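Written below as structure tokens is the structure these notes are about.
The values are calculated or read from the model by the stated rules, or taken from the named source; none is laboratory data. Just so we're clear, the structure is a prediction, and the values are computed from it rather than from any experiment. So basically every Cβ, Gly included, is an ideal-geometry build from the backbone, and we count neighbours across all protein chains shown. These accessible areas exclude ligands, DNA and RNA; they are computed on the full protein's heavy atoms, side chains included. Shrake-Rupley method; radii C 1.70, N 1.55, O 1.52, S 1.80 Å.
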Amino acid sequence: MDFTDVMLARRAVNFFDPESDVPEADLDRLLDIAARAPSSFNLQPWRVAVVRQAAQKATLRALAWDQPKVTEAPVVLMFLADTEAWKVFSPAFERQFSYLMQTGRYKPGQREEFAAAVTSLYGATPEKSLAFAAKNTAFFAMTFMYAAADAGYVTHPMDGFDHDGVRKAFGIPEHFWIPLLMAVGRLKPGVTVAPAKWRFPADDIRYTLPD
């Protein structure tokens with residue numbers, strides 16, 4: 001679809017076809033596209049846990065306000081924001097610095113310079129580490145939703161869940177924050193998607209800075 005059509009057509013859908021799967025190949029393609037999202041210093045502090053098994057979805061539903069779409073959708077994605085991706089020796093840091101050397105942008109002797117830059121921006125406080133991880137993962141998740149809409153899938157992002165309960169039930173390491181869950185699948189046959197909700201117009205979105 002044209003990108004504007006994708007933007008206007010996307011909805012947060014509550015009704016999924018439980019008989020229609022999301023093949024692994026399709027999911028991988030959508031994740032690859034979503035990975036083109038903006039990323040601070042290209043550290044890509046996002047991971048995705050794919051929940052498909054009925055027992056796991058039942059556990060997750062109980063921790064997500066008993067939302068039926070958690071078990072009806074063929075796939076639920078758990079977006080994980082890595083608050084430590086900026087750290088030296090983390091896989092994200094090491095892979096990105098290796099890339100920078102391969103492309104000639106940095107030399108081996110500039111490793112400490114790169115480390116100091118990312119640490120000052122993202123590691124100075126726990127709040128900065130969380131903001132770094134969460135905002136980048138949000139870019140990734142939103143890009144995934146647009147890619148899914150373009151491919152004919154429907155999605156629903158969810159922040160109505162017990163964060164600590166999900167972390168404990170699924171053994172998510174402490175350095176991951178869970179910004180959202182996302183149901184992914186096909187629209188249930190016979191369901192009509194609701195009209196788009198209102199949005200603030202540009203004049204109301206603009207914020208005027210003081211002189």
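Which one is surrounded by the most Cβ atoms within 10 Å (Cβ to Cβ) among residues in segment 122-180 that are under 26 Å from GLN56 (Cα atoms), in contact with a Phe, Trp or Tyr (Cβ under 8 Å, 6 or more places away or on another chain) and small (Gly, Ala, Ser)?
Per the criteria, the residue is ALA133.
Only one of (1) part of a helix (DSSP H, G or I); (2) under 21 Å from VAL70 (Cα atoms) fails for ARG47. Which number is that?
The one condition ARG47 does not meet is (1).
Residues checked against (1) touching a residue at least 60 places away in the same chain (Cβ under 8 Å); (2) assigned to a helix (DSSP H, G or I); (3) farther than 24 Å from GLU127 by Cα:
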| residue | (1), (2), (3) |
| --- | --- |
| LYS57 | no, yes, yes |
| TRP65 | yes, no, yes |
| VAL70 | yes, yes, yes |
| MET78 | yes, no, no |
| TRP86 | no, no, no |
| SER98 | no, yes, yes |
| MET101 | no, yes, yes |
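What do you reckon, is LEU27 of a type in the set (A, V, I, L, M) and under 16 Å from the mean Cα position of the chain (by Cα)?
yes
Please work out which residue is nearest to TYR146 (Cα to Cα), limiting yourself to segment 1-13 and to residues that are open to solvent by less than 70 Å² (accessible area, probe 1.4 Å) and outside any helix (DSSP H, G or I).
The selected residue is ARG10.
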